[in-house]
Amino acid sequence: MKRRALLRHLAVGGTLAAAGCLESVSLAADRPEASDVFESYRFEESDLVVRFRDDVDVRSAALYDSSTDEEHETVDRPRGPVRFPVVFPDRPETYVSGTLHVRAETADGQVDRRIPGTVHGHVDGVEVRPDGRARFAVENQGDAPLLVRFVAIHGEDVPNPTVDPQADSFDRSSFDPGPGVVGVGRNRPLSPSRTDLVVPSGETAPFETTYAPFAFPGGTEAAACEGAERTAEVAVVHASGGSAAYTLPFRLAGDPTRLDGRTAAVCDGPDDTEDAR
């Protein structure tokens, strides 16, 4: 009798366990899909704009990093599109990454959506300025706003090279010399927030270096200014991670001329880079 009771108990317990399993599956199946909650998203200037479906009651929306579970910002009871700032050039810092997510809390449960965002700074030409600085334009070929952390110009042909940000010895975490560039022309910064460092998706912004890669720190001889074609490595370091590098031609021509009475000298001839492209 005891054995029969035990068997009966096991049978009932197994039924209850199976029922609980079915209930869990049913509850999970009832959770809304991301496509049922999120209508669209887009990057606009320095913001991420998220739009929810009109028929969904969104109680809160949070922007967070799934790799660390760090919550950047939460908006309660959003009405209409939600704008999350994602690029902060004055720090400089950006939330744009492969682990950026938006979490929506609804009456039917929690729904997450990954926000993929890519940036790619493309440079296709360098102009040598009379004082040894460099001028160029950066095109953002990605789909998210690009925050320029640093622009490096280096190589054996460059008289005053920077570090190589793609070298194995480069330590990104301890490297903080500033962006090394400033916007020019229509991209000239109008405030300390350094909005000139943000290049929206599909747009191109002109820059000029704040250092002089084409000046000779200790002076130079006339032979260095003969106008021969040289090459420079130009690397755009993205604040969101990684960098893009290009090998570009330039020429140094004219007579060696000292800068403001210093030992540094430049070649005072015209830049023929445009002809060399």
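A few points about this structure:
- Under the condition of being surrounded by fewer than 22 Cβ atoms within 10 Å (Cβ to Cβ), of a type outside the set (Asp, Glu) and either touching a helix residue (DSSP H, G or I) at 6+ places or on another chain (Cβ under 7 Å) or farther than 19 Å from Gly185 by Cα (or both), the residues counted in region 123-141 number 2.
- Residues located in region 38-76, provided they are among the hydrophobic types (A, V, I, L, M, F, W, C) and touching a strand residue (DSSP E or B) at 6+ places or on another chain (Cβ under 7 Å): Phe38, Leu48, Val49, Val50, Phe52, Val56, Val58, Ala61, Ala62, Leu63, Val75
- Residue match in region 72-84 (condition: of a type in the set (S, T, N, Q), assigned to a strand (DSSP E or B) and without any contact (Cβ under 8 Å) to a residue 24 or more places away in the chain): yes
- Output for region 143-154, where each listed residue is open to solvent by 10 Å² or more (accessible area, probe 1.4 Å) and not in a strand (DSSP E or B): Asp143
- Between Glu73, Glu127, Glu105, the distinction of being under 30 Å from Gly218 (Cβ atoms) and modelled with pLDDT of 95 or more belongs to Glu127 only.
- Of the residues making up region 51-68, those that are in a loop (DSSP other than H, G, I, E, B) and either open to solvent by 100 Å² or more (accessible area, probe 1.4 Å) or touching a residue at least 40 places away in the same chain (Cβ under 8 Å) (or both) are Asp54, Asp55, Val56, Asp57, Ser66.
- Filter result for the condition that a residue is open to solvent by 20 Å² or more (accessible area, probe 1.4 Å) and either more than 22 Å from Leu248 (Cβ to Cβ) or modelled with pLDDT under 95 (or both), over Asp157, Asp171: Asp171
- Looking only at region 78-102, and only at residues there that are open to solvent by 20 Å² or more (accessible area, probe 1.4 Å) and of a type in the set (Val, Ile, Thr), the one that is farthest from His238 (Cα to Cα): Thr99
- Contacts under 6 angstrom Cβ, first residue in region 103-120 being open to solvent by less than 70 Å² (accessible area, probe 1.4 Å), partner among the basic types (Lys, Arg), 6 or more apart: Glu105/Arg59; Gly109/Arg31; Asp112/Arg103
The values are calculated or read from the model by the stated rules, or taken from the named source; none is laboratory data. Model, not experiment: these values are computed from the prediction. Glycine gets a Cβ as well: all are built from the backbone with ideal geometry, and neighbour counts include every protein chain shown. When the accessible area is computed, the model is the full protein with side chains, heavy atoms only, and any ligands, DNA or RNA have been set aside. Shrake-Rupley method; radii C 1.70, N 1.55, O 1.52, S 1.80 Å.
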